[in-house]
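Before any comments, here is the structure.
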Amino acid sequence: MERNLKNVLVISFGFLLLFTAYGGLQSLQSSLNSEEGLGVASLSVLYAALILSSMFLPPILIKKLGCKWTIAISMCCYIAFSLGNFYASWYTLIPTSVILGLGGAPLWSAKCTYLTIAGTSYAEKAGKNAKDIINQYFGVFFLVFQSSGIWGNLISSLILSQSSTKVEISEEDLECCGAYNCLTDTTNTTGSAKPSSSLIYTLLGVYTASGVLAVLLVIIFLDQIKSDQAETEKEKLEAPSFWSAFLATFRHLKDRRQCLLIPLTMYSGFEQGFLSGDYTKVYVTCALGIQYVGYVMICFAAVNSTCSLLFGKISQFTGRKLLFALATVTNTACIIALLLWKPHPKQLAVFFVFSALWGLSDAVWQTQTNGLYGILFEKHKEAAFANYRLWESLGFVIAFGYSTKLQAYIKLYILLSVLALSMVTYGAVEYLEAKSSPGTPSATNKENGRLRSQETCM
């Protein structure tokens with residue numbers, strides 16, 4: 001096997017193992033550690049740490065350690081979070097959430113850098129277009145990685161469904177489920193009764209082992225990028241300093257298009273935070289039981305992955321505006337329906353319909369927003385994507401921060417308001433672009449291939 005492709009597969013399966021564990025744990029946090037809102041508080045802290053990490057750590061660690069060891073050490077930060085869940089308390093889960101957040105940005109940046117250098121290196125040897133090879137490598141990576149959401153949630157559902165504590169949910173208890181949920185731990189006495197400690201430890205043991213395997217796979221089989229590669233050396237020498245990276249992120253806010261995209265970028269964090277922090281708890285766990293969370297999130301992950309691939313293909317024909325409109329209509333319909341719907345175990349299919357529709361919308365928010373950043377800010381990609389990480393993470397922080405303080409219907413109204421504001425400001429961006437280049441066709445077709453690699457760096 002060609003060595004560069006081997007390295008791509010090692011990174012891909014390493015991320016698959018790592019995020020099989022983390023993705024499953026994130027979906028369960030609001031239900032598994034619901035006491036005093038510990039689970040969602042840990043996620044809020046995690047994304048706050050990720051904001052700081054995104055600003056400072058990636059260029060420093062990659063320059064000092066190289067891509068391989070940055071990936072390996074950052075993966076260990078994710079394992080720490082799994083270990084913190086064995087004895088979940090404010091003194092274990094919050095510190096390990098900080099550790100994971102600090103390791104998140106270097107992990108993804110090192111992965112993007114490694115695949116880009118590997119693709120460029122092979123293209124030079126084979127006499128091929130570097131852009132095409134890089135796109136192929138990222139395509140292989142996401143083909144493998146995207147399935148982590150399925151495997152992680154499948155593991156949790158299969159293990160937690162073994163619980164012998166099946167509790168019948170009374171109609172009175174079901175009144176505390178849905179948009180007008182009770183701001184108490186009432187839901188913990190219904191079908192969402194916490195599984196036994198042995199099942200939880202089994203699940204956490206599987207997740208931890210998956211993370212350890214990911215680290216070992218990278219350490220043993222991933223080649224270090226050769227230091228004598230001219231391009232690598234150039235990147236190292238030109239790596240931004242601690243403060244220059246920080247200042248460049250905020251200097252980019254002078255571009256009014258970036259300011260107008262802030263609501264849309266934050267909405268991405270809000271809607272993902274609602275799904276994993278609120279929908280899984282006050283709808284799925286409350287009415288069906290915690291063992292169904294994994295199955296519902298598998299539906300979300302499968303639709304999200306499929307639609308991401310589909311929208312990437314058809315965007316060159318439809319343009320991004322039509323896809324944004326589709327996501328807006330779909331998300332708005334879901335929010336209104338969730339405000340009106342009273343979840344009930346007899347309506348099992350409905351729980352999956354909502355997660356599928358949410359997956360369709362999220363696929364647009366992720367692929368098209370990333371692509372939009374790449375098109376608009378081609379000459380300042382680093383600062384632009386740093387802003388993307390900053391504002392999306394802030395959306396996560398806020399969504400998880402108020403998760404235990406507000407009833408679900410208030411959070412749904414907040415989602416609807418932010419979505420409406422996002423579409424207004426996004427429309428303003430499109431207007432500014434059309435005004436600045438009248439008669440010029442959309443740059444989507446031209447940039448579509450290259451953006452597939454750019455958007456994965458998020």
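The values are calculated or read from the model by the stated rules, or taken from the named source; none is laboratory data. None of these values were measured; they are calculated from a predicted model. Cβ sites come from the backbone with ideal geometry, for glycine too, and all protein chains shown count toward neighbours. Surface accessibility is based on the protein's heavy atoms, side chains included, excluding ligands, DNA and RNA. Shrake-Rupley method; radii C 1.70, N 1.55, O 1.52, S 1.80 Å.
Karplus-based coupling profile of the range 254-266, in residue order and whole Hz: 5, 6, 5, 5, 5, 4, 5, 8, 4, x, 5, 5, 5, with θ = phi - 60° in 6.51 cos²θ - 1.76 cosθ + 1.60 and x standing for Gly or Pro. Taken about its Cα centre, the chain carries a charge dipole of roughly 1100 debye when the Cβ of each Lys and Arg holds +1 and the Cβ of each Asp and Glu holds -1. Each Cα pair under 8 Å and six or more residues apart adds its separation to the average, and for the range 249-434 the resulting relative contact order is 47 percent. Computed over the chain, the per-residue total of -39500 (n - 2.57) for DSSP H runs of n ≥ 4 gives a 222 nm mean residue ellipticity of -26000 deg cm²/dmol, rounded to 500.
Residues whose amide H comes within less than 5 Å of that of residue 178, counting only those at least five positions distant or on another chain, are 283 (H built at 1.01 Å from N in the peptide plane). Distance from the C-alpha centroid of the range 246-280 to that of the range 48-77: 21 Å, rounded to the whole angstrom.
Of the solvent-accessible surface of the chain, computed with a 1.4 Å probe and all protein chains present, 66% belongs to carbon and sulfur.
Derived scalar couplings between HN and Hα for the range 401-406 equal x, 9, 4, 8, 9, 10 Hz in order, rounded to whole Hz, by the Karplus curve 6.51 cos²θ - 1.76 cosθ + 1.60 (θ = phi - 60°), x for Gly and Pro.
Hey, what's the range 323-381 come to in accessible area per residue, 1.4 Å probe, Å²? Don't jump to the answer; show the numbers that get you there.
Working: 2180 Å² over 59 residues.
I get 37 Å² per residue for the range 323-381.
Relative to the longest principal axis of the chain, what angle (0 to 90°, nearest 10) does the C-alpha long axis of helix 3-32 take? On a 0 to 90 degree scale, this one is about 30.
Ordering 355-367, 203-215 by mean Cβ neighbour count within 10 Å, with the highest value first, yields 355-367, 203-215.
Toward the positive end of the charge dipole of the chain, with +1 on the Cβ of Lys and Arg and -1 on the Cβ of Asp and Glu, the farthest Cα among 209, 283, 5 is that of 5. Residues 306, 332 ordered from highest to lowest accessible area at a 1.4 Å probe: 306, 332. Share of pairwise Cα-Cα distances greater than 20 Å in the range 249-434 is 55 percent (whole percent).
Dividing the mean sequence gap of close Cα pairs (under 8 Å, 6+ apart) by how many residues the chain holds gives a relative contact order of 26 percent. For the cross-link pairs 125/313; 379/405; 313/342; 313/381; 111/254, the ones whose C-alpha atoms lie over 32 Å apart are 379/405; 313/342. Available extension along the chain between residue 435 and residue 86 is 120.0 nm, counting 0.36 nm per residue and deducting the alpha carbon span.
Backbone amide hydrogens, once placed in the peptide plane, bring residue 33 within less than 5 Å of 39, excluding anything fewer than 5 places away on its chain. Helix 320-340 and the longest principal axis of the Cα set of the chain meet at an angle near 10°. Could you give the distance between the Cα centres of the range 361-401 and the range 326-357, to the whole Å? A separation of 25 Å, based on Cα centres. When the range 318-433 is described by a simple charge dipole with +1 on each Lys and Arg Cβ and -1 on each Asp and Glu Cβ, the residue from 395, 421, 338 located farthest towards its positive end is 338.
Between the C-alpha center of the range 105-163 and that of the range 212-226 there is a gap of 14 Å.
Evaluating 6.51 cos²θ - 1.76 cosθ + 1.60 at θ = phi - 60° for every residue in the range 121-138, the Karplus couplings come out as 4, 5, 4, 5, 5, 8, x, 10, 6, 4, 4, 5, 5, 4, 4, 5, 5, 5 Hz, glycine and proline recorded as x. Of the labelled figures [x] 22.6; [y] 24.3; [z] 23.3, only one reflects Kirkwood radius over Cα pairs in Å as derived from the coordinates, namely [x].
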